[in-house]
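The values are calculated or read from the model by the stated rules, or taken from the named source; none is laboratory data. A quick note: this is a predicted structure, and the numbers were derived from the prediction, not measured. Don't worry about glycine lacking a Cβ; one is built from the backbone with ideal geometry, like all the others, and counts go over all protein chains shown. Surface areas here come from the heavy atoms of the whole protein model, side chains and all, with no ligands, DNA or RNA. Shrake-Rupley method; radii C 1.70, N 1.55, O 1.52, S 1.80 Å.
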Amino acid sequence: KSTVIGVCSPVGRCGKTGFAFPLGQIMAKESNVLFLSMEEYSALARLTGNKYTSTLTDLMYYYRSGEYSRARLATGLCNWNGLDYVPPVTCAQDLAEADGKELADLVGRIAQEGVYDILILDMGHLVRELDPLLELCDVVYAPVREDCVSAAKVDAWKEDIRRSGRETLWDKVHLLKLPMPSAVRPAESYLEQLLWGEAGDFCRNLLGGKKGGGREH
């Protein structure tokens, strides 16, 4: 029932989370949106200044043990500027031990409940077998960089998908060339400046379908 938007990239330091989080905030102005960080080393705790008592680690535990419920999900949620989000894992090993199928089942359960109009998945590199999560997505945004190494990584990713016989999966992928930040921002105001700076403008243009959104297929 929920639209699932994936954000991932084979390219490092491409501004992936700096795109995904303001995208969620902007969409949350008109829709009920849940942001799930599957980053192994997320900076959300530092950037929001929050101390989390429940994280994605707990949610995965409840799902594995058959104790997941809407109430469990709601208990661990945080909110930032109207955007609900599940705090990231306690330690990177929690993601390394999870596989994509397990996370896809959990996300699929949340999507089927229809509590949220949109789910945004910010996917890192430690999750084993990302394909089940990508298959679940209605669209996948992949920020990239303009250099030969980044282009080679994207080509390798595309070829890997093709070799596995899932060419239709690539049809969901939209490569994005994000704007470079104009200044170094302090952690305390980073998220707000993202929202009202180049990243936020890029997201608004993308959602509005305006020319110059930086989108490639």
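Structural remarks
- Odd one out for LYS16, checked against (1) in contact with a helix residue (DSSP H, G or I) (Cβ under 7 Å, 6 or more places away or on another chain); (2) under 21 Å from SER189 (Cβ atoms); (3) at pLDDT 85 or above: (1)
- Residue count for segment 139-168 satisfying the condition of being in contact with an Asp or Glu (Cβ under 9 Å, 6 or more places away or on another chain) and not polar (S, T, N, Q): 3.
- Restricted to helices (runs of 4 or more DSSP H) entirely inside segment 29-94, those with at least 2 residues that are open to solvent by less than 70 Å² (accessible area, probe 1.4 Å) and within 15 Å of LEU121 (Cβ to Cβ) are 56-64.
- Within segment 116-138, the set of residues being surrounded by fewer than 19 Cβ atoms within 10 Å (Cβ to Cβ) and touching a Leu at 6+ places or on another chain (Cβ under 6 Å) comprises LEU126 only.
- Count - residues of segment 6-28 that are among the hydroxyl-bearing types (Ser, Thr, Tyr) and either over 17 Å from LYS158 (Cβ atoms) or assigned to a helix (DSSP H, G or I) (or both): 1
- Residue within segment 58-79 that is within 16 Å of CYS8 (Cα to Cα) and not β-branched (Val, Ile, Thr) present: no
Listed here are the residues, each with its yes/no results for (1) in contact with a Ser or Thr (Cβ under 6 Å, 6 or more places away or on another chain); (2) at pLDDT below 85.
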residue: LYS101; (1), (2): no, no
residue: LEU106; (1), (2): no, no
residue: GLY114; (1), (2): no, no
residue: ASP117; (1), (2): yes, no
residue: ILE120; (1), (2): no, no
residue: VAL127; (1), (2): no, yes
residue: VAL149; (1), (2): no, no
residue: MET180; (1), (2): no, yes
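- The helices (runs of 4 or more DSSP H) located wholly in segment 108-188 that include 1 or more residues which are in contact (Cβ under 8 Å) with a residue 60 or more places away in the chain and of a type in the set (S, T, N, Q) occupy 148-163.
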